[in-house]
Amino acid sequence: MSQEQRQTYEAALAKLGLPLATFDDNDAWFAALMLTLIPLKASGYSTDSGIDQQVAAQAKVRQLPNVALETAEFQIDLFDTLPEETQQSYLVEVARSLPTVKADVDDMVAAWKAGDAEHLARLINEDESDPIVRKVLITDRNANWAGWLKARLAKPGSVFVAVGAGHLAGPGSVQDQLAAAGIVSTRVQ
């Protein structure tokens, strides 16, 4: 990191009350995720109340299979294979956005609850300035899922699929990828 980037990163650690060496033994992407999660957790957000947990609980109650489109290992590998320079840029971007992370997520949740996909897309896309990160973490995955959905639709039966809201907004969304595969999707409010 440049001296300016390092100062931004260290200021973020200090703001959270973390020692400067907290993430020194980790990749930059891991530090970036933690710098996002720590203040959100302190603000009352919890991964236990995420939509994936809710879907899993409902599937269990209804005795339905619940299968992930991706494994946690696959998702970690996506971050881990980002170029080092991209990881460092991502970390600095997260460190710079730390003062507004809770308000930003609050805005995203409000847009999601209101069903305002256009506003949600703007909020999500304004935070994603690196085209490599967007391609690897959003667009490529959406294309993979659209391929899976197309193959699944060719089979009999019903299936419920849930993905994060960020995958349903903006260019390269799941809907865009489905349309490219010749599949019409309709948003239901």
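In 5 Å bins starting at zero, report the fraction of Cα pairs in the range 33-83 per bin as a rounded %.
5, 15, 15, 20, 20, 15, 8, 2, 0
Give me the distance in nm between label points sitting 7 Å out from Cα along the Cα-to-Cβ direction at Val161 and Gln54, one decimal.
Simple spin-label model gives 2.1 nm for this pair.
Between their Cα atoms, which of Lys60/Lys102; Lys113/Lys135; Lys15/Lys135; Lys60/Lys135; Lys60/Lys155; Lys60/Lys150 are more than 29 Å away from each other? Let's see the in-between values first.
Working: Lys60/Lys102 31 Å; Lys113/Lys135 26 Å; Lys15/Lys135 31 Å; Lys60/Lys135 33 Å; Lys60/Lys155 23 Å; Lys60/Lys150 26 Å.
The answer is Lys60/Lys102; Lys15/Lys135; Lys60/Lys135.
Kirkwood hydrodynamic radius of the range 94-140 from all distinct Cα pairs, in Å? It would help to have the intermediate numbers written out before the result.
Details: mean 1/r = 0.0870 Å⁻¹.
Result for the range 94-140, one decimal place: 11.5 Å.
Run the accessible area of the chain with a 1.4 Å probe and give the carbon-and-sulfur part as a rounded percent.
Details: 6720 of 11920 Å².
Percent of accessible area from carbon and sulfur atoms in the chain: 56.
Please compute P(r) over all alpha-carbon pairs of the range 1-88, binned at 10 Å starting from zero, and give each bin as a whole-number percent.
Calculated over all Cα pairs of the range 1-88, the distribution is 13, 35, 30, 16, 6, 0 percent.
Using the 2.2 N^0.38 Å rule of thumb for compact globular proteins, work out how the chain stacks up: its C-alpha Rg over that value, please.
So the Cα radius of gyration is 1.13 times the expected 2.2 N^0.38 Å.
By per-residue mean of other Cβ atoms within 10 Å, what is the highest-first order of 146-159, 166-179? Can you show the working numbers first?
Details: 146-159: 10.7, 166-179: 19.3.
Going from most to least packed, we get 166-179, 146-159.
To the nearest Å, what is the center-to-center distance of the range 108-169 and the range 32-94, using C-alpha atoms only?
14
The values are calculated or read from the model by the stated rules, or taken from the named source; none is laboratory data. Since the structure is predicted, the reported quantities are computational estimates derived from the model, not experimental observations. Because the Cβ atoms are built from the backbone with ideal geometry, glycine has one as well, and the counts that use them run over all protein chains shown. Accessible surface is based on the protein model in full, side chains and every heavy atom, while ligands, DNA and RNA are left aside. Shrake-Rupley method; radii C 1.70, N 1.55, O 1.52, S 1.80 Å.
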